[in-house]
Amino acid sequence: MSGESSAEAGSGTRGDADTDPDSEPVEIIEETSGTGIPVRGNDIDTDQIIPARYLKAITFDGLGEYAFYDQRFRNGEATDHPFNDDRFRGASILVVNANFGCGSSREHAPQALARWGIDAVVGESFAEIFAGNCLALGMPTVTANEEEIRQLQDHVSEFPDTEISVDVAAETVSYGERTVEANVDTAQRTALVEGVWDTTALLKSNRETIHGTARSLPYVESASIESAPGAPDGGRGGNTDTETEAGATDRAGYD
Amino acid sequence: MSSGTLYDEVWDRHTVTELPTGRTQLFVGLHLIHEVTSPQAFGMLAERDIEVAYPELTHATVDHIVPTADQSRPYGDDAAEEMMAELEANVREAGITFDHPDTGDQGIVHVIGPEQGLTQPGMTIVCGDSHTSTHGAFGALAFGIGTSQIRDVFATQTVAMEKQKVRRIEVTGELGPGVGAKDVILTIIRTLGTDGGVGYVYEYGGEAISALDMEGRMSICNMSVEGGARAGYVNPDETTYEWLRETDAFRDSPQEFERRKSYWESIRSDETAEYDDVVEIDGDAIEPVVTWGTTPGQGIGISERIPDPADLPEGKRDVARRAQEHMDVSPGNRMDGYDIDVVFLGSCTNARLADLRAAAEVIEGREVHSDVRAMVVPGSQRVKAAAEREGLDEVFTEAGFEWRGAGCSMCLGMNEDQLEGSERCASSSNRNFVGRQGSKEGRTVLMSPVMVAAAAIEGEVTDVRTLREVAAA
């Protein structure tokens, strides 16, 4: 079970958002659904999700087949890890336990999961950098309590064909007859539902304000700022003390 | 909500605007990059036809994949060579300063920033590396980011972030002989848990922290992330300023130093600062700490016994059982006496000059145990050169250590330096995750540089304090 299968695996309510005219369209993610795959255990770190030796590349291409590699293969033999289990082939909702994704900041971890086919992760809790990296790929990290997660994992293990629906907007996870109250971090939910999880265009649209903030900081010395549009007299000038005192609160004057 | 802390102050001063998502757009004062997490970000920029907006505020090094034995080009490992060549091309095109190995300034990203004075109080510092928290030792707000965020920083010199809560960790009292910063942070993580810091920034303070040198403070802030906190910091003080005065940034410009210092003083946490949580740790009670398991939170004092998983909280039992099986340890035993095959003195946690000096003091006049393969990997080319000026290289090599070039090396085994099979390693690094040091069956015991030195000599985990007594007798 390997390869890059992200696109066809899941389905859900996704669409293009209205964004800045000079940016590319970003996907709105309100709800995503598909079959599930349980990976049990607390403190599953990013070295387990994608071992460091697979980071020796200059792109993320092909990472999908190395997801959980060292858990899936021991001494050349395939283990009973869920990612090897045919019953979970085509799954797109990963169900995990506590502190999932702790350790390294490597975006390779969510990239590997996404390229394997995962569209959303449901768990008890997530390490912060991991959750942020998932969001940057438009992959929700949704939490529910320990008991609900255990029941969901048990259900998926027993009935792997069950369709799971992760509703980001409503903060619920539904499967079979059950609808579980879940939690999606407010900023994450807003970003996904409004289609602003790819932040580059949004951040770029505040270019003038960025220059203002930079100039208000006493330690920033950059030719890019001095030559930037909106710079007073085309640059910082000599009176740095005044700028220091002006502080961030005064930056509106530069906008 | 916290108020009046360094975190609040630095956050406010770097706030560009509040984003519609509720996150804050934060200006980045210093962006550090390395070869593993940056090439994909450069690729994303090219796809979108975007240029690096503020190349002067980005600084590059190479650390994860560099060989530490034979560094001649092309590297023996084709993948490493490709990554290096890619970084060279990317920084050239973008106009980014690169501490190439040919400059003598190359090293682990979290070692070179502080030693060159790039890292300063009151800055925001990001890097595609979770141990960016290290730079908080100087009173900077420093945290690791993913590659998509690196793309954002290249494109805008800003990141979208959510504000965290602030937990003050007060380490009282005085650390005993043979006890250092590494023992303090392993104690903190053990106490608060590997996910205890999720949603928090850690502010470290108290007598025991104030008494630490900058290297010690860096070791502590470095491992904040192992406790779940994306960032940790120490308020700047005279110790901080003494370090900065001697760096490239200020050595020849005392006026600039004084000007900056007024800013640094202005961002310190107020006497009346309010925290979301305060935790006190008794520094007097800390003894040398070693890990028995496969998370940095699974540590014990050297005189303590390995816990029975059945006695742990329910959520920690399974992880502990599997960890004890992997490590081949049993509840009720001590780690003292655990056989060691490999000794690694290095990493962004403990490969600075003070770490090497402390270990060398233990090593001097002794020999590495005949069953042990031991190596020292200095954190940077400058650390290496400084150590050689003091003759530390001779102390190590005469004892039987290999004296290597600078890099991340066996902390994560992305170069040739890896554990083999089920080797047991006494390591001054930061993560004892299964497979971390390059072998799936490999076993990592985290400890301080002086404890690593003691393990090298005895061939087993050893309380360095007993070794010292022997030396004194």
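Each reported figure results from applying straightforward, stated rules to the coordinates on display, with no laboratory input. None of the values given here were measured: they were computed from a predicted structure. Methodologically, a virtual Cβ is constructed for each residue, glycine included, from the backbone with ideal geometry; neighbour enumeration extends over all protein chains shown.
Observations on the structure shown:
- Residue order for A:139, B:410, fewest other beta carbons within 10 angstrom first, comes to A:139, B:410.
- Sorting the segments B:9-22, A:28-41 by their residues' average number of neighbouring beta-carbon atoms within 10 angstrom, most packed first, yields A:28-41, B:9-22.
- Long-range amide H partners of residue A:195 with built H, under 5 Å: A:29
- 3J(HN,Hα) along segment B:29-38: x, 9, 10, 9, 10, 9, 6, 8, 9, 8 Hz, from the Karplus curve 6.51 cos²θ - 1.76 cosθ + 1.60 with θ = phi - 60°, whole Hz, x for Gly and Pro.
- In order through segment A:57-73: 3J(HN,Hα) via Karplus (6.51 cos²θ - 1.76 cosθ + 1.60), integer Hz, x for Gly, Pro: 7, 9, 9, 8, 4, x, 5, x, 6, 9, 4, 6, 3, 6, 7, 8, 9
- For segment B:230-259 versus segment A:152-217, the gap between their alpha-carbon centres in whole angstrom: 40 Å
- FRET E, pair residue A:205, residue B:47, Förster distance 25 Å, beta-carbon r, rounded to 0.05: 0.85
- Here the spin labels are modelled as points 7 Å beyond Cα on the Cα-Cβ line, and at residue B:322 and residue B:247 they lie 4.0 nm apart.
- From most to least packed by mean Cβ count within 10 Å, the peptides B:49-60, B:228-239 give B:228-239, B:49-60.
- Part-to-part distance (alpha-carbon centres) for segment A:84-129 and segment B:7-86, which is given in Å: 24 Å
- Amide hydrogen proximity for residue B:444: with H placed 1.01 Å from N in the peptide plane, the residues at 5 or more positions away or on another chain lying under 5 Å are B:425.
- Only the Cβ atoms of Lys and Arg (+1) and of Asp and Glu (-1) were treated as charged; on that basis the dipole of the protein assembly as shown about its Cα centre amounts to roughly 460 debye.
- Largest-first principal axis extents of the Cα set of the protein assembly as shown (Å): 76, 71, 55
- Distribution of pairwise C-alpha distances over segment B:6-266, 10 Å bins, in %: 7, 29, 34, 23, 6, 0
- Aspartates and glutamates whose Cα lies under 14 Å from that of residue B:163, excluding same-chain neighbours fewer than 8 positions away: A:128, A:185, B:8, B:9, B:12, B:18, B:276
- Packing-based exposure ordering (other Cβ within 10 Å, fewest first) of B:343, A:142: A:142, B:343
- Averaged over the residues of B:437-445, the number of partner chain Cβ atoms lying within 10 Å of the residue Cβ comes to 2.
- Under-5 Å amide H pairs with residue B:201, H placed in peptide plane, nonlocal only: B:165, B:166, B:167
- Overall form of segment B:382-473 per C-alpha gyration tensor (a/c, 1.5; a/b vs b/c): oblate
- Relative contact order of segment B:269-406, taken over Cα pairs closer than 8 Å and 6 or more residues apart, is 18 percent.
- Anisotropy class of segment B:145-299 from Cα gyration tensor, a/c 1.5 cut: oblate
- For segment B:289-472: rounded, prolate or oblate by the Cα gyration tensor [a/c cutoff 1.5]: prolate
- Here chain B carries DSSP beta bridges of which approximately 25% are antiparallel, counting only pairs with both residues inside.
- Under the Karplus curve 6.51 cos²θ - 1.76 cosθ + 1.60, θ = phi - 60°, whole-Hz ³J(HN,Hα) for segment A:91-104, x wherever Gly or Pro sits: 5, 10, 10, 8, 10, 10, 9, 8, 6, 5, x, 6, x, 4
- Exercise: per-residue mean of other protein chain Cβ atoms within 10 Å, A:193-200: 5
- Charge tally in the Cβ shell below 13 Å around residue B:348, where Lys, Arg are +1 and Asp, Glu are -1, residue B:348 excluded: -3
- Under 27 Å from the Cα of residue B:440 - lysines, other chains or at least 8 residues apart: A:56, B:182, B:316
- R0 of 30 Å, Cβ-Cβ distance residue A:77-residue B:339: FRET efficiency to nearest 0.05: 0.60
- Peptides B:135-145, B:271-281 ordered by average Cβ neighbours within 10 Å, highest first: B:135-145, B:271-281
- Each Lys and Arg adds +1 at its Cβ and each Asp and Glu adds -1 at its Cβ; summed about the Cα centre, segment A:6-197 shows a dipole of about 760 debye.
- For residue A:146, net neighbour charge (Lys/Arg +1, Asp/Glu -1) across residues whose Cβ lies under 11 Å away: -3
- Förster-model FRET efficiency, 45 Å R0, residue B:330 and residue B:266, C-beta, rounded to 0.05: 0.25
- Since only B:166, B:378, B:419 are under comparison, the one whose Cα sits farthest along the positive direction of the charge dipole of chain B, derived from C-beta charges on Lys, Arg, Asp and Glu, is B:166.
- Segment B:289-472, dipole about Cα centre (Lys/Arg Cβ +1, Asp/Glu Cβ -1), debye to the nearest 20: 680 debye
- Span from the segment B:371-409 Cα centroid across to the segment B:297-335 one, whole angstrom: 33 Å
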